[in-house]
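Below is one structure, written out as structure tokens; comments come after it.
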Amino acid sequence: MKWTSRVIAVLVALMAIVMLPACDSAKDMQISELQRQVNDLMAERDGYESRLGEALNAGDKARQMALDIQQQLDECRRQLAAGEAVSAELPSGWEGTDRIAWIDIGSDILFDSGKASLKKGAAETIADVAATIRGQFGGRQVWVVGHTDTDPIKRTKHLWSDNLDLSLNRAATVGREFYRLGLDPEKVFVAGQGEHQPKAPNDTKENKAMNRRVEIIAVETPGG
């Protein structure tokens, strides 16, 4: 790490000063200054380690929350398919029950192929969804989940590591647009699934288009 090389450089300088003949008072001043630098660098290292630990904990919590939401969503879909749950009266295009509702926006509506910046007219589509969330699902958590088909990235492969990377960046683009439109950032969560949660087999153009989507999920939480 960068701070490690800096510590080594300071320690080398400190050793050199100790070994050189010089006025004791001047040497003491130089040693004190270098010791101060070492202490500052070690404190900086501790700060890095602390922030890294906090980031890892936050990431673990986010992954667990995403897993919990996905399980709720899968169970809700299963119940609806089996007729075990009654669908709530939801806005046009939305599916779900009283506790969890979702809408899929086709990635082809929002983005050009292989890109994560909004195409012309996409902002209006997102604004309509945001208005529905404010009007119908105020106070709920809002999950923005990006999905792709199984086709490898070609034209923009220099931008993304893989489909998972692309799906996450597309979800982040929608999430930022929600922030800009006034949705509470503390209630908006962003995730990417790449090709790992398809709606249909990736065996036809039509199915692949169905799988390329950004899923918006409004979840009622205890006390929400």
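Bear in mind these aren't lab numbers, they're just calculated from the coordinates by the rules spelled out. Keep in mind it's a predicted model, so treat the numbers as computed, not measured.
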**OP:** May I ask you to evaluate 6.51 cos²θ - 1.76 cosθ + 1.60, the Karplus curve with θ = phi - 60°, for each residue of the range 121-135 and list the ³J(HN,Hα) values in order in whole Hz, giving x for glycine and proline?
**Re:** x, 5, 4, 5, 5, 5, 4, 4, 5, 4, 5, 5, 4, 4, x
Subject >> At q = 0.16 Å⁻¹, base-10 log of I(q)/I(0) for the range 75-224 (Debye sum, equal scatterers on each alpha carbon) >> reply: -0.88
Original post:
What full-extension length gain, to one decimal in nm, is calculated for His158 and Ser117 as 0.36 nm per residue of separation minus the Cα-Cα distance?
Top reply: 13.2 nm
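Quick check on my link table: of Lys120/Lys199; Lys154/Lys187; Lys115/Lys187; Lys115/Lys208; Lys119/Lys187, which ones sit more than 23 Å apart, alpha carbon to alpha carbon? List each step's numbers first, then the result.
Details: Lys120/Lys199 26 Å; Lys154/Lys187 34 Å; Lys115/Lys187 26 Å; Lys115/Lys208 16 Å; Lys119/Lys187 25 Å.
The answer is Lys120/Lys199; Lys154/Lys187; Lys115/Lys187; Lys119/Lys187.
Working from the alpha-carbon coordinates of the range 133-194, get Rg over Rh, Rh being the Kirkwood radius. Intermediate results must be reported in sequence, preceding the final value.
Working: Rg = 13.5 Å, Rh = 12.5 Å.
With Rg and the Kirkwood Rh in hand, the quotient comes to 1.08.
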